[in-house]
1. So what is the relative contact order for the stretch 259-412, in percent, with contacts set as C-alpha pairs under 8 Å and at least six apart?
2. Counting only residues 5 or more places away or on other chains, whose amide H sits under 5 Å from the amide H of V63 once H atoms are built in the peptide plane?
3. Report for the chain the percent antiparallel among DSSP-assigned beta bridges with both residues inside it, nearest 5.
4. Taking Cα pairs under 8 Å and at least six residues apart, what relative contact order does the chain come out at, in percent?
5. Can you tell me the Rg and Dmax of the chain, counting just the alpha carbons, in angstroms?
6. Name the long-range amide H neighbours of A277: under 5 Å, sequence gap of 5 or more, or other chain; modelled H, no Pro or chain starts.
7. Beyond 19 Å, what share of the Cα-Cα pairs of the stretch 63-147 remains, rounded to the nearest whole percent?
8. Name the residues whose placed amide hydrogens come within less than 5 Å of the amide hydrogen of V317, ignoring near sequence neighbours (fewer than 5 apart) on the same chain.
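What follows draws every value from the coordinates through simple rules; no lab data is involved. As the structure is a computational prediction, the values presented were derived from the model and not from experiment. Because the Cβ atoms are built from the backbone with ideal geometry, glycine has one as well, and the counts that use them run over all protein chains shown.
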Amino acid sequence: MKAELITVGTEILMGNIVNTNAAFLAAECAGLGISVYYQTTVGDNEKRLAEAILLAKERSDLVILSGGLGPTQDDITKETAAEVMGFPMREDPHTKERIIAFFHRLGRPVIAENNWRQSMVPDGSIVIDNHNGSAPGIIMEKDEVTMILLPGPPDEIVPMWKEQIAPYLEKRMPNVLRSRMVKICGSGESDVEMKILDLIKNQTNPTIAPYAKIGEVHLRVTASAETEEDAYALTDQMVDELYNRFGDLIYTTDESVTLEKAVVELLKKHDYILTTAESCTAGMLGARIVNVAGASDVYHSGYITYSNEAKVRMIQVSAVTLEQFGAVSEQTAKEMAEGAAMEAGADAAISITGIAGPDGGTEEKPVGLVYIGTFVAGRTLVKKYNFSGNRMKVRNYSVSRALSQLRMMLLED
C-alpha cells in the first residue's frame, strides 16, 4: 500500500508551529507496513489544497490529511476533499448530537453557529467519532483510493489514530505486520551500519530500518506473516542476531524505554545513588534523568559547576589541577566525578566538562572537545570526545554519551 500525507495549515508553512503530525503519522504507517512515498504541506487555500489532493489521489492508494477540520472559514479540508473525491455533503445527526454533548461538558450550552459546520460530512463516508474534540474524522473510499481526514491538534489525532484508524487499516492489510525496536547506544551510525550491512542488503522478511538519534541508533525490525505469532517469531530471530553482533550496546528492545530509563533501572538494581557534576551541559543531564518516573529513588542531588570557582567550592576540584590542566581536561573531569560523589554521598557520579562553542575553542582544545567522567563504587573512568555541530548539538551528544558511559560501567560493576 502506497501512502501520501498531506498536512493542512498556513501556520505550518510559515513555521509558526512544528509539523509533529507528519512525523507521527509517518512512523505509525511504517509500523503498519505502509510505505509513505510523499509528504505535502498546504496552506489554507482551497485551490492549492484541491490540486494537492488530486495529485495524491492519482499516485497513492492511501491519502491521509490532517488539519483544517475546525469550525472556522479557513477550515476547508473536509469540503475540498469531498469535492475532489465526488462526495456530496450532508448533515450527520449523530455528529451533531456529539457536538452538543461536547460543548455541554465544557459548560457552554450556547453553541456558536459556525460549529455546526463540523456536523456536515461527506455522504457515503465513514464518520470517526472524536473522543477528545468536536471535529470528527472521516474515511472516504472510492476508485481504489482510501482518503482519511484527521483533526489537527495532536491530543486529538494521536488517540483517534491509535484507537480507531490503525485497527481499521490493519484489517485491510493482507498480512499481519509486527515490529520490534532495537535501541543501541555507545556506537555511531556508520559503525552500526557496517555491522549490519549484509543484513540490510539481503533483507526480505523481516526488514531492518535504521534511525539515527542523538547519541543513539535505533533499528526497527518489521516482519510480515499470516499470524501475529509467526510475525513475532520472525522478528525475534533477527533480534537474536542483532544481540550476537552488538551485545551490551543494545540497551532495550522496548520502544517505550529511553536510555535514561535504562540507566535508572540499572541504578535501582544495584541499589546505587547517583549524582551529577555538569559544566558545559549546565543541568541538561540531570533533567534527562529526572524525566524518568521514580528517578528520585536513585537521584537525590546534582551540581552545576559552570565556573572554576564553583568546581573548587562545590565539589572539591583542586585549584592546582585547574591551573595546570584547565577546566576542560581529563584530570578535571576525574576530580569532578569523584568530588561530586564524595559531597553527595553517592555510589555513582557522572561529570561533564567541555567546550560547546561557538566561542572558546583553541587549536589545542577545539570547540566540541568534551571530557566525561564516570565514577562507580570506587572506580573512575574518563573518556575524551570530539563532537561536531552547533552548541546545542554538542551538549546533547555529551548528555547521551554520558548516560551510555555510565550504563556500561554499571553493567561491568
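1. Working: 312 pairs, mean separation 37.3, N = 154.
Relative contact order here is 24 percent.
2. E4, T146, M147, I148
3. Working: 45 of 72 bridges.
The answer is about 60 percent antiparallel.
4. Working: 769 pairs, mean separation 41.7, N = 413.
Taking the mean separation of contacting Cα pairs over the length of the chain, I get 10 percent.
5. Computed over the Cα atoms of the chain, radius of gyration and Dmax are 26.4, 81 Å.
6. Sorted by chain and number, the residues that satisfy this are Y303, I350, S351, I352.
7. Numbers: 1239 of 3570 pairs.
The proportion of pairs with Cα distances above 19 Å equals 35 percent.
8. V312
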